[in-house]
Structure formats: structure tokens, C-alpha cells
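Below: one structure, written as C-alpha cells.
Computed from the coordinates by the stated procedures, all read-outs in this text should not be read as laboratory data. Small disclaimer: the values here were computed from a predicted structure and weren't measured. For neighbour counting, all protein chains shown are included, and Cβ atoms are generated from backbone atoms with ideal geometry for every residue, glycine included.
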Amino acid sequence: MTITSKNPRKAEFWPSHIPIHVLTLVAVSLAVLPVLSAQHLPLLDSAAHIARIAVLRDLIITGAGSPFYSLDTLLLPNVAFDILGIGLVNALEPETVARLFFALTLVLMLTGTLVLNRIAIGRWSVAPLVSSFLLFNLVSILGFFSYIFGLALMLWALAMRLSLERSAWVWRTIFGVCAGVLLLMCHVFAFGIYAVMVIGVGVAAMTERRIGLRRLAGYGLEQIPACLLYLAMSAHQVGAGAYKMPFWQSKMFGLAKAFTSGSFAGDMAFVLGAVSFGVLLVTATRFRLARSFWPGLAALVLLYLALPFSLNSGSYVDSRMPIAIVLLGLAGTDMQILRGVLSNVFLAVLGGSLLAKQLALTMLWASVDPQIDAIVTALRALPKNAIIMQLECHPEESDVMNVYRSRQPPLTHAAALAGLDGTRYLPNVFAIKGQQPIQVVPAYQPFYQAFQSFGASVCTRAEYVDAVRKVQNLAVAKNETQYTVHPLYLLLIRPPAPHMLDGVAMRVAAAPAWEVYAIAAGQD
């Protein structure tokens, strides 16, 4: 769509007087503000990932070993955080490594969108800076570290691949192969999105008769080594997927949910900013989407519709796509803003909305620190060699505000931070074969499997008591020569009422959102 200037001879565009690097610096500063404000990353899965790199440090770097885990393999399509974490965790605390990694991911995602846009349209534009609104999204707050890092690298890789379009085929091929393998190691979805976009660029070029079928085949051949490597990995087995029903309603709701930041105030600011950007786009700009992006984006939209919500042990499978589609859409948008009062008003609202969103997130993240500190301190006070099982109750999400309250603070994996010294076993640390590079040693497999068997939401006293009985009946972990006595504890997250296990177990610590009980071990 094109909006023309009232003066047909010359249109004046904004912001020719403001250097793009100044706007980028402001956007980057706002992006990392929440990370700088918080001691702990309040992301759902982040604590489990942090605990895993502490285990990898002991297994690979220091040689201290782990009584609970052994090294499996790093040849996995989901190890960006693990590999970078191993390189830093001996010099920095695991949580510091995670905060640096997440901040770097945000910066790479923002600047990658900007640079890809520069390559795609041939000049610098303010359009990709709107991606600042999208950095804190569903997959970010879920703590999918390796995926979002891979997504950020994908933007840079695609920009570099497009810049090589006029280079010799050998350089295009070498870079394409290396980029595909690197992105696969980050996350298989990052590689998949990159491959779809690269092939889409080739399809667009062929439809415009700029290349022939032979060169188009070259775009696909670049992806073959990464595909073969994936098939050689232990993670390529595909099980049954599950879709949420009704299908179309769940897809539309998933599309909207994909952009939540976890903060109600932050999301309201995002909505205001999105509306302002939309109105600005149709009333005071000249814009177009680069033709080379059309086939790839269309394929990604179809892929979002085709993907299930859960697959094997993973959930939110399809939810990973919308943020990638919108970032790539912004990267391919050539937008020129016409100067005028209307443009200034909407740009001011857009900037104010971004500031409001980031401040809301900053305050929310800072407020979560004391709550995470409390649960970690309580668990670290338990005896060394303790086994700490866990149950979580997800409250009824009867209205919009309850959806936000039910997830704040994100405690699902927070307990894992109590095991960074390797002296307590917490089975909520991810150790899924084919997905993570560590595995639980046989002696502790019964506890890990019992934890995996507990329901995602356990809320009744009967369910709590049943879980206690299961834990008590587990075989006592043992080493090669003797049985090891482990104090057993059960952490209840968001129980519907206090004292849920009185008469069954002894409560040793509590707060409004959690309780810890000591439970007697069963007999051999």
C-alpha cells in the first residue's frame, strides 16, 4: 500500500534529521533495562537451564562431577545456551551467565532485524525498530533460551546470506552450509525458519526470472548438510502431536498470546503501541513488503497452522512461529514516514508506549526477586543430600487478570536454583534424552520418573497425599557399595490452601505461594 504526499513533486520523510544509530541505541537501552533491574530472570524455564549449566560446569570444566547426573551428548539441536554457558560459567556465576545470555539475545534480535531490513530494502529504515515491542514475548518469558538465541542469529544469518546473492556460488554455498549447521545446533526451529526463508528468496527470484531452476536447486542443497546432521542426532524421532481444540479458535488465541510479555500493564502498552503503529502505517507512510520475503513468510504462516501445540515432550510448539513471522515481516518492510503533525503524534504515542512497556516490565521483574530469594533460601537451608520433589497447582484462570496473577512469580522451576552447588537433587532440572546434554544417573531415575508422572496441575489434598505415598515407596538411591540415606522433601507451589499436608508430613517452611514438607522415607 502506498500513501502519497500532498505535494506530488517532493515528499518529505521522517526522520531524516535523526541518525538511525541514535534511535537504535535508545531501543537497545530500553530492551535490556528489565534484565539490568533484576537479580533473577523471572522466566518460566530459565532456572532449570541455569541449573543445567552448573551441572555441565562440574562434569566438563571443573571435573568435580555430579552424584545425580552424567554427560550424555552435546550433539543436539537445542544447545546454544549450554555451549555458550560452558564457556562462561567457570568465570561467572550461572545466573550471571544467563542474564548476559538473555541480554545478548535481545540485542542480537533487535539489531538483526535492523540489519536484515537494511540488506532487504537497500537503506536504513525506522520500521524494524518496532521490533523493540516484540522482544519480550511468550517464548521469551517461557525461557526458551536456545530457541530465541537461534532466532536472533537466524536474522543475522539471513542478512549475511542475502548480502552474498551476487557473490560466487562457492561462497554462497559455504556460508549457507555453515549457517545451517550453526542454527541447527542452536535450535532446529531456527534452522527450519532460516531454510524456509532462503528457499523462499530463491523462489521469488525465479518467479521474477532473475534466476533459473538450477540455481534455485542450489538454495535447497545448502540446507542438506544440516538436515543430514539432524537425522544423525538422537532427537529426530517424531511422536504424536496434539492440537488444541477448537482448531481455528485456538490458533487465533495462540496468535494473540504469542505476544504477551507476562505483564498486564506491559501488554496494554504493547496494544496501544501496536494500534498506533497500524494507524501510522495506513495514514502517513509509504510502505511495501520486499518481494523476496513473500514466499518464505507465506510458508511460515502455513507452517504455524500445521504445527501442533505439543509434540513429544515439548509444548508451545506452534507458539514459536508468530514472533518469527512478525520480526521477518518488519525486516522486509520498506517504510517511509511522511512528515507532518499526524506522524509526530503517532510516533510520540509509539515511543511513549515502548517506554511504558519496558518500565512496567522493569518494575515487575524487580518485584519478583524477593519471592524467588525466599524459596531458594528456604530450600538451601535443607540438609545436603536431600531430594526435593515438587507439585504445582495452576489456579483457575477465570478472568484476564487471573491469567497474569496465576503465573507471577514464575516458580515452576525456581527451586532448581537451590541446587546450583550440586549437593541436593531436584528433579525439575531438564534432563530429557535427545533434548538436553545431561541425563539422570540410574540411582535417581525413580525420583525423576515419579516427578515426570505427576500431573501438570495438582490441587487437591487427595492428590497431594497420593504423591507423598509414591515418593515414600520409591527405592532408596544407592551407590555401588551401600545405600545412601536421603532426606525427602516435597515442595507445593501455589497450594489452594495452607497446611494441605498436615497429618501426613511435617511443614518446615512456607510462604503465601508455596510450602515445603519433610516426608518420611519408605522402608527398603
- prompt: Quick one: length gained pulling THR96 to SER29 fully straight, 0.36 nm per residue minus the C-alpha distance?
  reply: 22.3 nm
- line: To the nearest 10 degrees, the tilt of helix 341-380 (Cα long axis) against the first principal axis of the alpha carbons of the chain is 10 degrees
message: I need the calculated FRET efficiency for the pair GLU208 and ARG405, taking r as the beta carbon distance and R₀ as 56 Å, to the nearest 0.05.
response: 0.60
query: Say each of ARG123 and VAL177 gets a label point 7 Å from the Cα, pointing the same way as Cα to Cβ; how far apart are those two points in nm?
result: 3.9 nm
query: For the chain, what relative contact order do you get, as a whole percent, if you take Cα pairs closer than 8 Å and at least 6 residues apart?
result: 21 percent
field: Total formal charge among the other residues, if their Cβ is under 14 angstrom from that of ARG461, Lys/Arg +1 and Asp/Glu -1
entry: -2
query: All other residues with a Cβ under 15 Å from the Cβ of VAL203 taken together, and with Lys, Arg as +1 and Asp, Glu as -1, what is their net charge?
result: +3
task: Please list, in chain and number order, the residues 5+ apart from ILE211 or on another chain whose amide H is under 5 Å from its amide H, with Hs placed from the backbone.
output: MET206
- request: Report the FRET efficiency, 1/(1 + (r/R0)^6), for LEU311 and ARG507, where r is their Cβ-Cβ distance and R0 is 35 Å, rounded to 0.05.
  value: 0.35
message: Can you give me the distance in nm between label points at GLU463 and PHE253, each placed 7 Å from the Cα along the Cα-to-Cβ direction?
response: 1.8 nm
task: Note the angle between two axes, namely the Cα long axis of helix 294-306 and the longest principal axis of the Cα atoms of the chain, as a number of degrees from 0 to 90, rounded to the nearest 10.
output: 30 degrees
statement: Stretched fully, the stretch from ARG288 through ALA381 gains (0.36 nm per residue minus C-alpha distance, one decimal, in nm) 27.5 nm
query: Roughly how many nanometres apart are two label points built 7 Å out from the Cα toward the Cβ at ARG215 and LEU342?
result: 4.1 nm
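Among 192-203, 456-467, how do they line up from the highest to the lowest mean number of other beta-carbon atoms within 10 Å?
192-203, 456-467
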Eligible aspartates and glutamates near LYS357 by straight Cα distance, threshold 16 Å, same-chain separation 8 or greater: ASP267
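Among DSSP bridges having both ends in the stretch 382-519, what percentage is antiparallel? Round to the nearest 5.
Taking every DSSP beta bridge within the stretch 382-519, about 65 percent pair in antiparallel fashion.
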task: Would you mind classifying the stretch 382-519 by shape? Square roots of the alpha carbon gyration tensor eigenvalues, ordered a ≥ b ≥ c; an a/c under 1.5 is rounded, otherwise it is prolate if a/b is larger than b/c and oblate if not.
output: prolate
- prompt: Residue by residue through the stretch 57-73, which ³J(HN,Hα) values in whole Hz follow from phi under the Karplus form 6.51 cos²θ - 1.76 cosθ + 1.60 (θ = phi - 60°), with glycine and proline marked x?
  reply: 4, 5, 7, 10, 8, 7, x, 5, x, 9, x, 10, 10, 10, 6, 9, 7
- request: Compute the separation of the alpha-carbon centres of the stretch 427-472 and the stretch 372-389 and state it in Å as a whole number.
  value: 17 Å
message: On C-alpha positions alone, give me the angle between the axis of helix 20-37 and the longest principal axis of the chain, in degrees, nearest 10.
response: 10 degrees
task: Show that you can apply the helix-only estimate: for the chain, add -39,500 (n - 2.57) for every DSSP H stretch of four or more residues, divide by all residues, and state [θ] at 222 nm to the nearest 500.
output: -16500 deg cm²/dmol
query: How high is the FRET efficiency between LYS470 and ALA64 when r is their beta carbon distance and R₀ equals 41 Å, given to the nearest 0.05?
result: 0.85
message: Using a Cα-Cα cut-off of under 12 Å, which aspartates and glutamates could be cross-linked to LYS251, ignoring same-chain neighbours fewer than 8 residues away?
response: ASP318
- prompt: Taking the Cβ of ASN78 as the center, what net charge do the other residues with Cβ under 15 Å away carry, scoring Lys and Arg +1 and Asp and Glu -1?
  reply: 0
query: In percent, how large is the relative contact order of the stretch 382-519, given Cα pairs closer than 8 Å and 6 or more residues apart?
result: 31 percent
- prompt: Mind listing the phi-derived Karplus ³J(HN,Hα) values for the stretch 165-176, rounded to whole Hz, using 6.51, -1.76 and 1.60 with θ = phi - 60°, and x for any glycine or proline?
  reply: 4, 9, 7, 4, 4, 5, 6, 4, 5, 4, 5, x
field: Gain on full stretching of the segment that runs from MET268 to LEU75 - 0.36 nm per residue minus C-alpha separation
entry: 65.3 nm
For semi-axes √(5λ) of the Cα gyration tensor in Å, calculated from these coordinates, the label among (1) 36, 29, 26; (2) 45, 27, 20; (3) 50, 29, 19: (2)
